[in-house]
Every structure is written in structure tokens, then in C-alpha cells.
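*Asks:* Supplied in C-alpha cells, the structure appears directly below.
The values are calculated or read from the model by the stated rules, or taken from the named source; none is laboratory data. Since we're looking at a predicted model, the values are computed, not measured. Ideal geometry is used to build each Cβ from the backbone, glycine not excepted, and the neighbour counts take in all protein chains shown.
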Amino acid sequence: MTSAIRMAVASTNGAKIDQHFGQAEVFYVYDVGGDGAKEVGRRVVAENALAGEGVRETIIRMLADCKLLLAEKIGTGPRPMLAKAGIEPVDKYAHKEVLTSLADAYASRACAA
């Protein structure tokens, strides 16, 4: 996959973007390129939590290799934390299909580049 962008999705089942940033228990991670999206893994918040670490910090740490995060809703509090980590928060695809949303997000960035 050439010039792929790694993206994470907050979803209960991997089909629709249906989870808020801070409430998601699982994030689906994809490499997305001009030839489509390839799921590269699922990251579970509870399995990645460290003692004394808040949920937001856990999520940001475990998604540090992602450039975009698609979620149903991302509040004003976590947005600067995500941006500081180099993760663009995107919540315009709420309740939409994951693969369609990933393709659109990739196309939007490819056109802007």
C-alpha cells in the first residue's frame, strides 16, 4: 500500500463509527491508501492501561502511531492532547460506515496535499 496513512476508528464492532473518544473500549486501526483500507489490528483500552494513567492518556499512547482518529464525538478537552501527539481528531463521520469514512478521510487529505 503506497503512501498509506494509519488511522484509528472508535467503533463497537468495526462496521460503524459509533463510539465517543473517551468511552470507546476498542479502537480499530487501519492503514489507508489509494487502493483501500487494510485493518492492521485492534487496540483494547483495558489491555493497554498502565497503573496511574488516565483513560485519555492510555488511548493517546496506544494510538501514537496513528495520524487520524475517527470517532462519533471528540470533546474539546482531548482535542489539544491528540493534536500534541500528532493525531488529528475527526468526528464528522459519526454513525457512518467505517470503510467508506476511511476512504473519504484519505481522499480529503490526498487532495489537500
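*Asks:* Just give me the residues in region 18-48 being assigned to a loop (DSSP other than H, G, I, E, B) and at pLDDT 95 or above, in sequence order. Show your work before the answer.
*Replies:* Kept after step one, since they are assigned to a loop (DSSP other than H, G, I, E, B), are these residues of region 18-48: 18-19, 24-25, 34-35.
Within region 18-48, 18, 19, 24, 25 qualify.
*Asks:* What number of residues within region 56-105 satisfy the criterion of being in a loop (DSSP other than H, G, I, E, B) and farther than 14 Å from residue 26 by Cα? Working first, answer last.
*Replies:* Start the filter on region 56-105 by keeping residues that are in a loop (DSSP other than H, G, I, E, B), which leaves 63-67, 71-72, 74-77, 85-87, 91-96.
Narrowing further to those that are farther than 14 Å from residue 26 by Cα: 64-67, 74-77, 85-87, 91-96.
Selection size over region 56-105: 17.
*Asks:* Out of curiosity, is residue 43 touching a helix residue (DSSP H, G or I) at 6+ places or on another chain (Cβ under 6 Å) and either under 19 Å from residue 84 (Cβ atoms) or not charged (D, E, K, R) (or both)?
*Replies:* Values: touching a helix residue (DSSP H, G or I) at 6+ places or on another chain (Cβ under 6 Å): yes; either under 19 Å from residue 84 (Cβ atoms) or not charged (D, E, K, R) (or both): no.
No, not satisfied.
Conditions tested, residue by residue: (1) touching a strand residue (DSSP E or B) at 6+ places or on another chain (Cβ under 9 Å); (2) at positive phi.
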{"position": "14", "(1), (2)": "yes, yes"}
{"position": "21", "(1), (2)": "yes, no"}
{"position": "24", "(1), (2)": "yes, no"}
{"position": "32", "(1), (2)": "yes, no"}
{"position": "35", "(1), (2)": "no, no"}
{"position": "38", "(1), (2)": "yes, no"}
{"position": "45", "(1), (2)": "yes, no"}
{"position": "48", "(1), (2)": "no, no"}
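*Asks:* Also, I was wondering about something else. Run down 98, 90 and say which single residue is in contact (Cβ under 8 Å) with a residue 24 or more places away in the chain, among the β-branched types (Val, Ile, Thr) and surrounded by 17 or more Cβ atoms within 10 Å (Cβ to Cβ). Walk me through how you get there before you give the answer.
*Replies:* On the way: 90 fails: in contact (Cβ under 8 Å) with a residue 24 or more places away in the chain.
Residue meeting the stated conditions: 98.
*Asks:* For region 87-106, does any single residue satisfy the condition of being at pLDDT 95 or above, over 15 Å from residue 11 (Cβ atoms) and polar (S, T, N, Q)?
*Replies:* Looking for residues that are at pLDDT 95 or above, over 15 Å from residue 11 (Cβ atoms) and polar (S, T, N, Q), one finds none in region 87-106, hence no.
*Asks:* All but one of (1) among the small types (Gly, Ala, Ser); (2) loosely packed, with under 14 Cβ neighbours inside 10 Å; (3) in a strand (DSSP E or B) hold for residue 8; which doesn't?
*Replies:* (2)
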